[in-house]
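What follows is a single structure, written as structure tokens, with notes after it.
The values are calculated or read from the model by the stated rules, or taken from the named source; none is laboratory data. It should be emphasised that the depicted structure is a prediction, and the values quoted were computed from it without experimental measurement. Cβ placement follows ideal geometry from the backbone for every residue including glycine, while neighbour counts extend to all protein chains displayed.
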Amino acid sequence: MAGTEEELLDLAEHTAREAGALARRHRESAVGVVATKSSATDVVTAADTAVEGLVRSRIVAARPDDAILGEEGSHRAGTSGLTWVVDPIDGTVNYLHGIARYATSIAVEDAEGPVVAAVHAPATGETFTARRGHGSWLDGRPIRPTEATELATALVGTGFGYRADRRARQGEVVAAVLPRIADIRRAGAASLDLCDVACGRLDAYFEQGLQPWDLAAGRLVVTEAGGLVSGLAGAAASEALTVAAAPGLHAALVALLETLDAARLG
């Protein structure tokens, strides 16, 4: 690997912070929708494209041989074996509506998966980081998931898709899950939901429809903190379903979701 993991993490963290500052400056001025993706509610703002452009420029300048996979189209081939997976503004709908729950998410992956990760929340100034095999941190302090073991007392996060038919089916799943847990939270930014599991603000989280840029950084933050991340029936976390939880809850939540009609998840 060209460059050390410490150097990669330093670049990811500094770039996430700089990108977050740019997003915040855009938010202080007018923010408008410039495009939609999967539906009329799946929006892209000018800030999304500007922030991803900044991230791309920093990566290319520092790491010209690395590949880039960005949500807003910054797909770039590389030769180093490393890929930067970037979500410039995770939680764009929150961002557009002036809700503080949004983040810049950056991960670096090799053939084995995420190597380093940085998730920066501009509105709070918090930065979550992780390095494979070395742990996870919130603003430099080590973090751990909760020690929860009972679903009945668990606070669980989730999210919904942009298509109305998918949201309807996901609502059925939540209706089935809710009586068996303490409560549900739906905050609207997957990277931060995952980080909340990593630091114990949530006991668990599940969501269908996550893309690589939604998942890459937050997954490493969870696993390096000591949490578990998977799909159902032994599958890896993916667009089909992502389940992240404290180690004492993960198996029970997966088992509960497996008892539900799988068709309702998609």
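Among the residues of region 87-112, write down those that are free of Cβ contacts under 8 Å to residues at least 60 places away in the same chain and either outside the structural domain of residue 47 (by TED's automatic domain parsing) or surrounded by fewer than 24 Cβ atoms within 10 Å (Cβ to Cβ) (or both).
So in region 87-112, the residues free of Cβ contacts under 8 Å to residues at least 60 places away in the same chain come out as 92, 97, 100, 111-112.
Residues satisfying the conditions are 97, 100, 111, 112.
Where residues in region 27-48 are modelled with pLDDT of 75 or more and crowded, with 18+ Cβ neighbours inside 10 Å, which of them is nearest to residue 83 (Cα to Cα)?
Ranking the qualifying residues of region 27-48, first place goes to 48.
Could you please find all residues in region 190-220 being out of contact with any Leu (no Cβ under 8 Å at 6 or more places or on another chain), of a type outside the set (Gly, Ala, Ser) and in a helix (DSSP H, G or I)?
192, 197, 214, 220
Select from region 230-253 the residues that are in contact with a strand residue (DSSP E or B) (Cβ under 8 Å, 6 or more places away or on another chain) and farther than 16 Å from residue 154 by Cβ and list them in ascending order.
Correct list: 230, 231, 232, 236, 237, 241, 242.
For residue 154, work out the one condition from (1) exposed (fewer than 15 other Cβ atoms within 10 Å of the Cβ); (2) at pLDDT 95 or above it doesn't fulfil.
Tallying (1) exposed (fewer than 15 other Cβ atoms within 10 Å of the Cβ); (2) at pLDDT 95 or above, residue 154 fails exactly one: (1).
Picking from 234, 227, which residue would you name as being modelled with pLDDT under 95 and more than 12 Å from the chain's Cα centre (by Cα)? Explain how you work it out, then say what you get.
Details: 227 fails: modelled with pLDDT under 95.
Unique residue meeting the criteria: 234.
Could you tell me whether residue 182 is surrounded by fewer than 22 Cβ atoms within 10 Å (Cβ to Cβ) and over 17 Å from residue 101 (Cβ atoms)?
Numbers: surrounded by fewer than 22 Cβ atoms within 10 Å (Cβ to Cβ): yes; over 17 Å from residue 101 (Cβ atoms): yes.
For residue 182, the condition - surrounded by fewer than 22 Cβ atoms within 10 Å (Cβ to Cβ) and over 17 Å from residue 101 (Cβ atoms) - is met.
So how many residues does region 154-168 have that are part of a loop (DSSP other than H, G, I, E, B) and among the small types (Gly, Ala, Ser)?
As a first pass, look at region 154-168 and keep what is part of a loop (DSSP other than H, G, I, E, B): 154, 159-163.
This time we only want the ones that are among the small types (Gly, Ala, Ser), so: 154, 159, 161.
Within region 154-168, residues that are part of a loop (DSSP other than H, G, I, E, B) and among the small types (Gly, Ala, Ser) number 3.
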